[in-house]
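The numbers here are math on the coordinates, done by the rules we state, and not lab data. These numbers were taken from a predicted model, which means no experiment stands behind them. With ideal geometry, Cβ positions are generated from the backbone for all residues, glycine too; neighbour counts draw on all protein chains shown.
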Amino acid sequence: MKEQEKGSIQIETSTDIVRVRRKVREIATTLGFSITDVARIVTAASELARNIVQFAGSGVMQWTILRRNELIGIQLIFVDKGPGIPDVELAMREGYSSGNGLGMGLPGVKKLMDEMEVKSKIGKGTKIKIIKWLRK
Amino acid sequence: MTENLSIIKVEDVLLATIPSDPDDETIAKLQDGILESMKKYKVKGVVMDISAVETMDSYFARAIMETAQMVSLMGGETVIAGMRPSVAITTAQLGLTLKGVHTAIDVESAMEILRKGSQEGREKK
């Protein structure tokens with residue numbers, strides 16, 4: 001893992017969602033996250049990758065292993081050039097789902113992770129950053 | 001790539017074993033396979049063994065609920081068996097509930113639930 005501390009996966013089809021899940025599972029397991037935390041991180045990644053396939057058409061997941069002093073973390077950034085989220089604040093509110101009832105969306109992902117940052121511009125795209133820190 | 005998926009008839013119940021990380025295609029096949037097998041074998045219920053499943057996102061959870069509804073429309077009952085603790089924690093935190101779907105700790109208990117269900121049905125008659 002030392003040589004490769006970051007990378008990216010293109011997301012276009014539902015097969016790519018599985019690739020994202022496998023990669024994230026591999027990284028999180030290697031870093032030493034608990035079984036439950038691995039499930040949380042992989043599920044969060046799966047939700048965000050699916051949002052890209054469903055709403056943006058295509059995008060990318062950039063993964064980075066964070067090392068800050070004694071802390072180790074996994075950072076995943078999902079970027080797309082899709083339609084964007086009209087009201088990020090509303091989308092982050094619990095119980096909000098975008099129209100066709102797809103997913104519990106972003107609030108669920110936020111709960112599973114330690115940090116989450118959403119940036120979106122209508123017509124330009126969306127960038128979502130999520131981080132989980134390893135507790136020793 | 002589609003992971004192996006097995007649907008077999010055990011007594012008068014269908015036992016569907018879900019692979020650890022199914023893609024959308026596998027999930028769609030599962031739905032079709034269960035409904036086709038229900039018609040073919042005229043079973044009274046379906047046990048979905050998810051003990052191998054490591055990740056359940058909202059799409060997967062919704063597909064399970066939808067399948068259970070379809071089985072119900074055809075006159076059967078569905079029991080989800082063997083959810084891992086890590087999956088249960090994640091699914092609940094994500095805000096997903098498998099509303100209207102029976103759950104059991106393992107396949108054996110799931111079979112028991114379906115057996116009891118049909119007994120109650122007979123007693124009512």
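Taking A:Ile9, is it more than 18 Å from B:Asp57 (Cα to Cα), touching a helix residue (DSSP H, G or I) at 6+ places or on another chain (Cβ under 6 Å) and surrounded by 15 or more Cβ atoms within 10 Å (Cβ to Cβ)?
Working: more than 18 Å from B:Asp57 (Cα to Cα): yes; touching a helix residue (DSSP H, G or I) at 6+ places or on another chain (Cβ under 6 Å): yes; surrounded by 15 or more Cβ atoms within 10 Å (Cβ to Cβ): yes.
Against the criterion (more than 18 Å from B:Asp57 (Cα to Cα), touching a helix residue (DSSP H, G or I) at 6+ places or on another chain (Cβ under 6 Å) and surrounded by 15 or more Cβ atoms within 10 Å (Cβ to Cβ)), A:Ile9 qualifies.
Show me the helices (runs of 4 or more DSSP H) found entirely inside region B:11-125 where at least 3 residues are in contact with a helix residue (DSSP H, G or I) (Cβ under 7 Å, 6 or more places away or on another chain) and surrounded by 17 or more Cβ atoms within 10 Å (Cβ to Cβ).
Details: elements: B:24-41, B:58-73, B:85-93, B:107-124.
By residue number, B:24-41, B:58-73, B:85-93.
Does A:Gln75 count as surrounded by 14 or more Cβ atoms within 10 Å (Cβ to Cβ), within 22 Å of A:Val118 (Cα to Cα) and either free of Cβ contacts under 8 Å to residues at least 24 places away in the same chain or not hydrophobic (A, V, I, L, M, F, W, C) (or both)?
Spelling it out, A:Gln75 is indeed surrounded by 14 or more Cβ atoms within 10 Å (Cβ to Cβ), within 22 Å of A:Val118 (Cα to Cα) and either free of Cβ contacts under 8 Å to residues at least 24 places away in the same chain or not hydrophobic (A, V, I, L, M, F, W, C) (or both).
From the residues in region B:78-121 that are polar (S, T, N, Q) and free of Cβ contacts under 8 Å to residues at least 12 places away in the same chain, which one is nearest to B:Ala16 (Cα to Cα)? Can you show your working first?
Of the residues in region B:78-121, the ones polar (S, T, N, Q) are B:78, B:86, B:90-91, B:93, B:97, B:103, B:109, B:118-119.
Retained after the next criterion (residues that are free of Cβ contacts under 8 Å to residues at least 12 places away in the same chain): B:93, B:97, B:119.
Details: B:Gln93: 26, B:Thr97: 21, B:Gln119: 22 Å.
Here the residue is B:Thr97.
Output the number of residues of region A:1-22 satisfying the condition of being under 18 Å from A:Leu112 (Cα atoms) and in contact with a strand residue (DSSP E or B) (Cβ under 6 Å, 6 or more places away or on another chain).
Qualifying residue count for the region: 1.
Count, please, the residues in region A:47-66 that happen to be more than 14 Å from every other protein chain (Cβ to nearest Cβ) and of a type in the set (A, V, I, L, M). Spell out how you get there, then give the answer.
Going residue by residue through region A:47-66, those that are more than 14 Å from every other protein chain (Cβ to nearest Cβ) are A:56-66.
Cutting the leftovers down to of a type in the set (A, V, I, L, M) gives us A:56, A:60-61, A:65-66.
Number of matching residues: 5.
Which one is farthest from A:Leu134 (Cα to Cα), of the residues in region A:2-44 that are free of Cβ contacts under 8 Å to residues at least 60 places away in the same chain, within 11 Å of chain B (Cβ to nearest Cβ) and not β-branched (Val, Ile, Thr)?
So, considering only residues that are free of Cβ contacts under 8 Å to residues at least 60 places away in the same chain, within 11 Å of chain B (Cβ to nearest Cβ) and not β-branched (Val, Ile, Thr), the one farthest from A:Leu134 (Cα to Cα) is A:Ser14.
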